[in-house]
Amino acid sequence: MAPGSAAPAAGRPHNVILFVPDGMRSRMVSPELTPAMAALRRAGVDFANSHSLFPTFTTANGASMATGHHLGDTGDFSNTIFTGKPIAAQDGTVTPFVEHDAVLGDMDAAFDGDWLNEETVLRAAARAGYSTAAIGKVGPVLNFDHTNRTGDPTIVVDDQTGSNVGIPLSQELRRRLEAAGLPVAAPSRGENGKAGSSTVPGTLAANVGQQAYFADVATKVVLPLFRERERPFILVYWSRDPDGVQHNEGDSLGRLVPGINGPTSRAGMRNADDNLAALRRSLDALGLAGTTNIVVAADHGFSTITKESATSPSARTSLPDVPAGLLPPGFLALDLARALDLPVFEPFGARAPVPPGSRPRTASALLGRDPADPDVVVAVNGGSDLVYLPKADTAGNAALLRRIVDALAAQDYTSGLFVDDAYGPVPGTLPLSAVNLKGDARTPTPALVVNFRSFTTGCDIPVTCVAEVADTVLQQGQGMHGTFSRADTHNFMAAIGPDFKAGFVDPAPVSNADVGRTLAALLHLDIPAKGRLLGRTMGEALKHGTVPETRAGILRSAPHESGLATVLRYQEADGQRYFDAAGFPGRTFGLD
């Protein structure tokens with residue numbers, strides 16, 4: 001706790017609900033569109049200077065909320081990472097997509113039983129005898145207590161509940177679900193899960209049905225159970241919307257306007273808002289509102305996908321289901337393979353070669369003569385990608401890294417490069433440590449994190465209509481995140497409850513790592529840390545807390561021979577750095 005900040009009152013801790021409206025942009029919250037979020041922000045604490053962590057992806061930020069650590073400690077660098085070990089649950093891939101319960105089990109098994117390498121708040125709360133539950137979107141939900149796969153003591157209900165890969169339900173919870181008339185298996189997303197294609201628009205439906213089930217589980221079963229137990233609890237509720245609908249929306253196929261601001265995306269925002277309203281009504285009905293803190297924190301912001309590039313060789317190649325002249329999924333791997341004169345292989349199964357004139361199936365790829373010992377691994381994510389150099393040849397890797405940087409500096413879709421500190425200063429790049437990506441992670445550390453270009457398409461609130469180049473199987477005009485633009489780092493955050501100030505606008509910078517630390521403080525948990533990249537308790541938002549002094553700064557790399565330099569805009573408070581935006585000047589929204 002920083003000097004001058006406040007701690008929660010001593011004695012029995014109050015209950016906590018963490019509500020995550022996945023992909024909710026701060027400036028989209030309004031009384032008209034999201035009345036429950038707007039009312040909570042107005043009556044409680046408005047974290048106006050909030051920050052997602054880069055890369056601005058779901059599981060990465062979820063792991064930080066769960067542990068209070070930055071990505072360099074958790075090793076959850078993005079939704080898709082390189083493990084160096086095959087993950088059986090996804091056909092032996094070495095680049096798993098970690099939003100999957102069975103994948104998370106394999107990840108724990110591959111990394112000494114705890115792939116995040118830090119105890120989570122829910123796990124610590126369960127050890128302390130509190131009631132714990134995590135409900136909602138598969139992947140980030142389980143990550144809050146991923147080492148316990150029994151369904152007890154932490155209740156886990158997500159997309160895979162009731163399937164052969166989901167976390168089992170305790171007999172008590174099954175009985176209570178049945179008594180409430182609720183199924184013991186989660187429904188699918190239905191129409192909301194349809195992403196479309198380059199010729200067929202994606203979904204026109206929010207994720208209403210599935211999330212109504214999750215809200216019913218929380219309000220009709222879990223919260224009443226916790227009230228009966230009469231001990232402190234923490235409930236994590238992760239709403240897939242508006243993220244899911246913004247990714248798949250079918251309002252804007254091929255067009256940047258309206259992009260993710262069409263009616264379908266707005267319906268997703270309202271859907272998440274309705275879930276929050278249902279939780280608050282349940283707290284009122286159960287007599288728990290006065291003893292429960294609610295923290296609302298989106299994992300990241302959002303942008304509209306653009307696939308345009310005038311420099312990419314892959315954009316000039318005719319590929320199936322890719323409109324002429326646009327970047328294909330896997331463009332980074334394809335362009336690097338061409339620049340380095342290396343073959344391309346799939347990262348799963350038999351490591352099949354990717355023939356000329358085609359693309360990697362999931363966009364991630366292995367580059368090298370031998371797929372069992374690749375020179376380069378590209379883990380594809382969206383608004384930024386991870387590049388790994390897995391060979392043990394340090395000198396060879398250093399030379400290869402310089403060639404990769406030169407190749408990326410020649411592309412118009414890049415905007416900022418971050419290099420593993422082990423390679424020393426590289427002109428045009430900043431070190432991973434500058435953005436808290438170099439720590440004590442058990443998973444392999446990327447050699448290079450590539451940020452993609454972003455720009456506003458023009459509207460009354462420019463941060464709400466930003467487009468970004470995205471390496472994804474989704475289409476131009478649909479939604480994505482992951483960049484270092486302010487559109488992706490400015491997540492929605494607010495809080496209300498007995499430990500928080502009322503009607504307070506917090507001017508200090510805060511982040512998702514701070515959310516994890518604050519949850520632990522609210523529950524009076526002292527969680528030992530293995531890594532050093534910790535967030536801070538948001539003490540200024542608590543009763544009797546004071547606002548820390550904040551200062552802004554800019555970090556600039558030495559220029560590459562092309563003249564490009566990676567620039568980082570940040571703020572500092574309580575010894576922490578908060579990252580607003582980064583990239584090449586003129587190519588990242590919010591940097592200039």
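The values are calculated or read from the model by the stated rules, or taken from the named source; none is laboratory data. Only a predicted model underlies this, so the values are computations on that prediction, with no experimental measurement involved. With ideal geometry, Cβ positions are generated from the backbone for all residues, glycine too; neighbour counts draw on all protein chains shown. Keep in mind that these areas ignore ligands, DNA and RNA; they rest on the heavy atoms of the full protein, side chains included. Shrake-Rupley method; radii C 1.70, N 1.55, O 1.52, S 1.80 Å.
Answer yes or no: is there a residue in the range 562-576 that is of a type in the set (Asp, Glu), open to solvent by 10 Å² or more (accessible area, probe 1.4 Å) and touching a Lys or Arg at 6+ places or on another chain (Cβ under 7 Å).
Yes, the conditions are met somewhere in the range 562-576.
Please go through the range 115-147 and pick out each residue that is in a helix (DSSP H, G or I) and either among the aliphatic types (A, V, I, L, M) or in contact with a strand residue (DSSP E or B) (Cβ under 7 Å, 6 or more places away or on another chain) (or both).
VAL121, LEU122, ALA124, ALA125, ALA126, PRO140, VAL141, LEU142 - these are the residues of the range 115-147 that are in a helix (DSSP H, G or I) and either among the aliphatic types (A, V, I, L, M) or in contact with a strand residue (DSSP E or B) (Cβ under 7 Å, 6 or more places away or on another chain) (or both).
Does PRO96 qualify as being open to solvent by less than 30 Å² (accessible area, probe 1.4 Å), modelled with pLDDT of 95 or more and touching a helix residue (DSSP H, G or I) at 6+ places or on another chain (Cβ under 6 Å)?
Yes: the conditions hold for PRO96.
Find all pairs meeting these conditions: Cβ atoms under 8 angstrom apart; at least six residues apart or on different chains; first residue within the range 456-468 and among the β-branched types (Val, Ile, Thr); second residue open to solvent by 60 Å² or more (accessible area, probe 1.4 Å) and part of a helix (DSSP H, G or I).
Short answer, once both residue conditions are applied: ILE461/ARG27; VAL463/ARG27; THR464/ARG27.
I'm trying to understand the selection: among the residues of the range 148-178, which are open to solvent by 60 Å² or more (accessible area, probe 1.4 Å) and part of a helix (DSSP H, G or I)?
Residues satisfying the conditions are GLN171, GLU172, ARG174, ARG175, ARG176, GLU178.
Could you run through the range 22-50 and say how many residues are without any contact (Cβ under 8 Å) to a residue 12 or more places away in the chain, open to solvent by 10 Å² or more (accessible area, probe 1.4 Å) and not in a loop (DSSP other than H, G, I, E, B)?
Residues that pass the stated criteria total 1.
Looking at (1) part of a strand (DSSP E or B); (2) open to solvent by 80 Å² or more (accessible area, probe 1.4 Å), can you tell me which one ALA372 breaks?
With (1) part of a strand (DSSP E or B); (2) open to solvent by 80 Å² or more (accessible area, probe 1.4 Å) applied to ALA372, the lone miss is (1).
For the list (1) open to solvent by less than 30 Å² (accessible area, probe 1.4 Å); (2) touching a helix residue (DSSP H, G or I) at 6+ places or on another chain (Cβ under 7 Å), I need the number of the one condition that LEU332 fails.
The single condition LEU332 does not satisfy is (2).
Looking at the structure I just gave you, is ALA494 touching a residue at least 24 places away in the same chain (Cβ under 8 Å), surrounded by 24 or more Cβ atoms within 10 Å (Cβ to Cβ), out of contact with any Cys (no Cβ under 7 Å at 6 or more places or on another chain) and part of a strand (DSSP E or B)?
Against the criterion (touching a residue at least 24 places away in the same chain (Cβ under 8 Å), surrounded by 24 or more Cβ atoms within 10 Å (Cβ to Cβ), out of contact with any Cys (no Cβ under 7 Å at 6 or more places or on another chain) and part of a strand (DSSP E or B)), ALA494 qualifies.
Name the one entry in ASP112, ASP76 that is touching a Leu at 6+ places or on another chain (Cβ under 9 Å), in a loop (DSSP other than H, G, I, E, B) and in contact (Cβ under 8 Å) with a residue 40 or more places away in the chain.
Result: ASP76 is the single residue among ASP112, ASP76 that is touching a Leu at 6+ places or on another chain (Cβ under 9 Å), in a loop (DSSP other than H, G, I, E, B) and in contact (Cβ under 8 Å) with a residue 40 or more places away in the chain.
For the range 507-529, what are the residues that are small (Gly, Ala, Ser) and either modelled with pLDDT under 95 or assigned to a helix (DSSP H, G or I) (or both)?
ALA513, GLY516, ALA520, ALA521
Where residues in the range 127-152 are modelled with pLDDT of 95 or more and of a type in the set (Gly, Ala, Ser), which of them is nearest to ALA212 (Cα to Cα)?
Of everything passing the filter in the range 127-152, GLY136 is nearest to ALA212 (Cα to Cα).
Output the residue which, of all residues in the range 275-321 that are open to solvent by 20 Å² or more (accessible area, probe 1.4 Å), in a helix (DSSP H, G or I) and in contact with a strand residue (DSSP E or B) (Cβ under 9 Å, 6 or more places away or on another chain), is nearest to THR518 (Cα to Cα).
THR291
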